[in-house]
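Engineer: Below is a structure I'd like to ask you about.
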Amino acid sequence: MGMRCRLRKQPGDDNLISSYVFIVAMSVIISVTCVTDHNPVIPVIVSGKSMESSLHNNDRGFVFRFGKINRYDIITFDAIIDGKPDILIKRVIGLPGDSVKCIGKTVYVNGDPIVEFAKDPNYNTDFEEVHVPDNCYFVLGDNREVSLDSRYDEVGFVESDTIQGIFHLAK
């Protein structure tokens, strides 16, 4: 009689197969995101003074292209400044449907004063009440004295489809 060789299922084989499937799936996802322009995380170097004192020129961080945008998040977004494409980094103050205004040194959202991140909280930033449209955000730089942000027509409301993602400072 000939000898038969049988493979026996060993404990943990299901976990091993699951691990292989996970590794292959992640490899495909990483390959696709590296080849295309849809990376879920983008390294960023801050340029300029508009976000001082929270962020400084040459600070490094990452933009995450996923997650819900909340008030006070710092975002990067595409803009056209002086007729040229640019990427700006600002703090979200107004969400879709909010009303935003500034009287003296205090910014109000829906009638309530906001938590202040301004570099100089004594800097007067008066602007009349605006209503943030659907699918848009109202943003301010923390260094209001030099920031080009939603207070100015050149930036205005930031449309959702121009937002690259939420910025997180590298530690």
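Engineer: Give the order of Val139, Val109, Val155 when sorted by the count of other beta carbons within 10 angstrom, beginning with the fewest.
Structural biologist: Exposure proxy ranking, most exposed first: Val109, Val155, Val139.
Engineer: Which shape class, rounded, prolate or oblate, goes with segment 72-171 when its Cα gyration tensor gives a ≥ b ≥ c as root eigenvalues, a/c under 1.5 marks rounded, and past that a/b bigger than b/c marks prolate?
Structural biologist: Here segment 72-171 falls in the rounded category.
Engineer: How long is segment 51-127 along each principal axis, judged by its Cα atoms, biggest number first, in Å?
Structural biologist: Computed over segment 51-127, the largest-to-smallest principal extents equal 31, 27, 26 Å.
Engineer: Right, something else. Out of segment 78-171, which GluC sites (Glu not before Pro) are coil in DSSP terms and have no more than 16 other C-beta atoms within 10 Å?
Structural biologist: Loop-located and lightly packed - Glu116, Glu145, Glu154.
Engineer: Straight-line reach from Lys105: which lysines have Cα under 16 Å away, leaving out those fewer than 8 places along the same chain?
Structural biologist: Lys119
Engineer: Quick check: net charge around Gly97, other residues with Cβ under 13 Å of its Cβ, Lys/Arg +1 and Asp/Glu -1?
Structural biologist: -1
Engineer: Which trypsin sites (Lys or Arg not before Pro) does segment 40-120 hold that lie in a coil by DSSP with at most 16 other beta carbons within 10 Å?
Structural biologist: Arg65, Lys68, Arg71, Lys105
Engineer: Another one. Pop the C-beta distance of Arg60 and Tyr108 into the FRET formula with R0 = 30 Å and round what comes out to the nearest 0.05.
Structural biologist: Efficiency for this residue pair is about 0.35.
Engineer: Counting other C-beta atoms within 10 Å, and keeping those with at most 13, which DSSP coil chymotrypsin sites (Phe, Trp or Tyr not before Pro) do you find in segment 38-97?
Structural biologist: Details: sites: Phe62, Phe64, Phe66, Tyr72, Phe77; in loops: Phe66, Tyr72.
Counting only loop positions with at most 13 other Cβ atoms within 10 Å, the chymotrypsin sites (Phe, Trp or Tyr not before Pro) in segment 38-97 are Phe66, Tyr72.
Engineer: Something else now. Round to the nearest 0.05 the FRET efficiency obtained for Ile87 and Asn124 when R0 = 35 Å and r is the Cβ-Cβ distance.
Structural biologist: Numbers: r = 28 Å, r/R0 = 0.81.
Calculated value: 0.80.
FYI, it's all coordinate maths here, none of it is from the lab. Keep in mind the model is a prediction, meaning the values are calculated, not measured. Quick reminder, even Gly has a Cβ in these numbers, built from the backbone with ideal geometry, and neighbours come from all protein chains shown.
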